[in-house]
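What follows draws every value from the coordinates through simple rules; no lab data is involved. All figures in this text were calculated on a predicted structure; none of them were measured in a lab.
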């Protein structure tokens, strides 16, 4: 579950969470992850429960074992903080964007509630790694950090 302590992202993101964070809904988070048009996560990531996902980003499996709620939230909100050359869109920032689709001009792709739902799902047991021997997607790399040969400048 998403933590209930407040925190603030680094300056320059145009984001701030103060006070308590409401726990997200893991099932709703899974539905947001599956949306091709609203969030686009499945275009670049393997998402549990779908037969095929993208191979640009790492599979969204077992992230709760590697990241805290805060770390996942920060990486999804704006992965450019961790890798300025990432191809992952900034889902909670509008800073420094160019040629933005009309539907998203002046607003982030995800609301705070949507982001909390997604993080809640990624931290849940439903996003656990597949069993031994199963291929679930490309080699794992930190979320928002590209790998050579996958659209990110070296």
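Once fully extended, how much extra length lies between residue 35 and residue 112, figured as 0.36 nm per residue of separation less the alpha-carbon to alpha-carbon distance?
26.0 nm
Which value does Rg/Rh take for segment 26-127 over its C-alpha atoms, Rh per Kirkwood?
Value, to two decimals: 0.94.
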